[in-house]
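Below you'll find the structure, written out as structure tokens, and then a few comments.
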Amino acid sequence: MDVIALRRSWNQLAVAGPEAAKYFYATLFLTAPETRAMFPADMRYQEDKVLAALGHIITNIDDPDALTAFAQRLGADHRRFHGSDHEGRPVQLAERHYIWVGQALLATLEHFVGPGWTPTLRADWATAYQAVAKLMLAGAARSERVAPPFWQAEVISTERRRADICVFTVRPNYLCNYLPGQSLPIQVPTMRTWRYLSPANAPRPDGTLEFHVRATGRFSTHLVRRTAAGDTLLLGHPVGTALSSYDRAPHRRLLLIAGGTGVAPLRAILEQLQRGSGRPTTLVVGGKTPDDLYDHQALLKLAATAPEEAWSAAQDEQWLRYVPTVEIGWGWDGEVGRAVHTALRLGSWADADILVCGSPAMTRSTITALTASGVDPARILTESYDHSLYPPLSAPAGPTPRDPTTWTGVR
Ligand code: HEM
């Protein structure tokens with residue numbers, strides 16, 4: 001297989017950007033109308049997701065180890081994408097869907113590569129695609145034995161904390177195992193759009209999950225304004241490996257820095273620590289004004305609760321130092337300034353593991369300030385989730401950019 005030729009032809013497609021994505025979906029929906037109901041009703045914001053991923057994966061086909069693990073997990077995740085037949089009956093994603101997607105991909109390449117589209121190149125693309133599809137199907141079959149394709153979760157309570165922030169609790173129909181710090185794809189069935197949200201609680205015996213959502217776009221505004229107790233949401237398989245690896249060196253102090261609803265995964269991690277033997281931890285939550293500290297009461301309570309195991313009374317230090325900080329606050333008697341500057345004023349963090357979670361801009365500037373202060377970047381953990389894990393189609397093929405878009409960025 002000529003990987004260089006694959007990459008070159010992929011770049012020709014990438015130059016066409018959204019046009020190529022339009023062509024791909026038009027071909028797919030025309031040749032396989034059954035697939036239309038699997039995708040969001042409004043495709044404007046995510047047209048290039050699948051196609052971008054396909055190109056990215058296939059042009060990295062010469063790294064079989066990374067590809068195998070990744071494609072198998074992606075295939076397992078894909079079990080949540082279900083459609084419906086002409087009589088409205090649910091249709092699970094199966095081998096024929098992969099064939100249709102493969103055909104639409106080849107047709108799109110042929111259209112955009114033009115005269116360079118030779119029978120050899122076509123055969124190479126077909127072989128590469130089949131290899132990936134096979135891995136994804138194998139991943140799906142394996143996960144079939146251990147987990148449902150998705151969970152149906154009933155909203156059991158909603159709490160408006162601010163005009164644009166809602167905290168809601170859901171109960172999935174089966175126990176959904178996840179690690180604190182991970183996030184789950186969530187769908188409002190009427191919108192057929194999936195977005196990632198991170199539970200704000202450590203796994204509970206009753207399986208309920210608490211989510212924090214700020215209205216910033218169509219999806220999150222729908223959740224904040226329209227979701228009510230009794231509604232059903234769908235949950236996909238938990239993903240994310242960065243924040244959830246907070247325990248990789250339990251002997252180190254922890255510094256957690258949060259902004260906006262980025263506090264949610266960090267609270268889940270803190271709850272998990274509190275259930276064990278604790279760990280010297282500092283949590284700095286930043287906001288523009290005190291009004292932004294929408295989870296203040298829950299965090300105060302957590303800081304006042306001793307770890308369940310073995311936190312020695314001789315350690316007069318509290319296991320959790322909670323430091324809210326605001327940029328502007330009339331009558332505010334706490335810390336003033338941006339979260340990272342407050343954290344740096346509190347001491348040196350060279351020996352700590354640091355978790356950062358907030359908007360992309362907040363995360364970026366926090367990491368910059370921390371590294372400028374001498375912190376080893378390897379000690380900083382932050383999750384990278386947009387609604388796609390891949391570079392946009394118009395970007396040159398290459399490594400996934402580590403642009404951290406967290407749950408505050410859910411649109
Ligand atoms: C080798 C084949 C495929 C690859 C590499 C691939 C890759 C991806 C990726 C990376 C995503 C984004 C996932 C996320 O952000 O959570 C995605 C989403 C999706 N994929 Fe696939 N996919 C493939 C095949 C298929 C097939 C055969 C179907 C069914 C016809 C399908 C249907 C979907 C749907 C419905 C979404 C969600 C789209 C959205 O919400 O915008 N995919 N795919």
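The values are calculated or read from the model by the stated rules, or taken from the named source; none is laboratory data. Fair warning: this is a prediction, and the values are worked out from it, not measured in the lab. For neighbour counting, all protein chains shown are included, and Cβ atoms are generated from backbone atoms with ideal geometry for every residue, glycine included.
Out of Leu105, Leu51, report the one residue that is crowded, with 20+ Cβ neighbours inside 10 Å, modelled with pLDDT of 80 or more and within 11 Å of the ligand (Cβ to nearest atom).
Only one candidate passes the filter, namely Leu105.
His97 satisfies every condition listed in (1) more than 9 Å from the ligand (Cβ to nearest atom); (2) under 29 Å from Val146 (Cα atoms) except (1).
For Glu154, the test of being more than 16 Å from the ligand (Cβ to nearest atom) and without any contact (Cβ under 8 Å) to a residue 60 or more places away in the chain is failed. Could you please let me know if Asp85 is at pLDDT below 90, farther than 24 Å from Val239 by Cα and more than 9 Å from the ligand (Cβ to nearest atom)? Yes. From the list Arg192, Arg226, the one residue that fits, being at pLDDT below 95 and in contact with a strand residue (DSSP E or B) (Cβ under 9 Å, 6 or more places away or on another chain), is Arg226. Any residue that is within 9 Å of the ligand (Cβ to nearest atom) and in a loop (DSSP other than H, G, I, E, B) - is there at least one of those in the range 61-72? No, the range 61-72 has no match at all. Scanning the range 23-48 for residues that are closer than 14 Å to Leu105 by Cβ and either under 26 Å from the mean Cα position of the chain (by Cα) or within 9 Å of the ligand (Cβ to nearest atom) (or both) gives Phe24, Tyr25, Leu28, Ala32, Thr35, Asp48.
Among the residues of the range 206-237, which ones are within 16 Å of the ligand (Cβ to nearest atom) and among the hydrophobic types (A, V, I, L, M, F, W, C)? Listed by number, the residues that qualify are Phe219, Leu223, Leu233, Leu234, Leu235.
Listed by first and then second residue, the pairs with beta-carbon distance under 6 Å, at least 6 apart or on different chains, first residue in the range 246-258 and outside any strand (DSSP E or B), second of a type in the set (Val, Ile, Thr), are Tyr246/Ile269.
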